[in-house]
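Down below is the structure, laid out as structure tokens.
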Amino acid sequence: MKVEVLKRIKDTEQGYTAMISEAKAAKEKRIASARLEADNRVIRAEAEIEEFKKKRLAEARSEIGRKREAIQRKGEEHATALKNRGKSNLDRSVAFLVKRFREQLHVPA
């Protein structure tokens, strides 16, 4: 009877040892799976960040291009207006200079 009790205790210990080993293996498997999932999420997040960055840079470059064109167009319009105003004043300026020159030379108009 004593032998039977000791054998049952030993069998029970072996059963619990096996259950503990299985639990540890399951734990390690869950940890490895969780780490893999975390790594995959990090990789996806980094890819999304990179895509967002590229999109924002493209939008910024486009906006800068539009603003640059608007500024350039405005500058060209201003330069054209100044040139036209200068041309309209040219005839009057020439007439004024000729008049002054004649006055200096005492030539009647």
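Derivation of every value follows stated rules applied to the coordinates shown; laboratory data play no part. Just so we're clear, the structure is a prediction, and the values are computed from it rather than from any experiment.
Before moving on, here are some points about what is shown:
- Rounded to whole Hz, the Karplus (6.51, -1.76, 1.60) HN-Hα couplings of the range 69-83, x for glycine and proline: 5, 5, 5, 5, 4, 5, x, 5, 5, 5, 4, 5, 4, 5, 5
- Alpha-carbon gyration tensor eigenvalues x 5, square-rooted, for the chain, Å: 102, 9, 5
- Under 22 Å, Cα to Cα: Lys pairs in the chain, sequence gap 8 or more or different chains: 8
- Over the residues of the chain, the helix contribution to mean residue ellipticity at 222 nm works out to -37000 deg cm²/dmol, using -39500 (n - 2.57) for each DSSP H run of at least 4.
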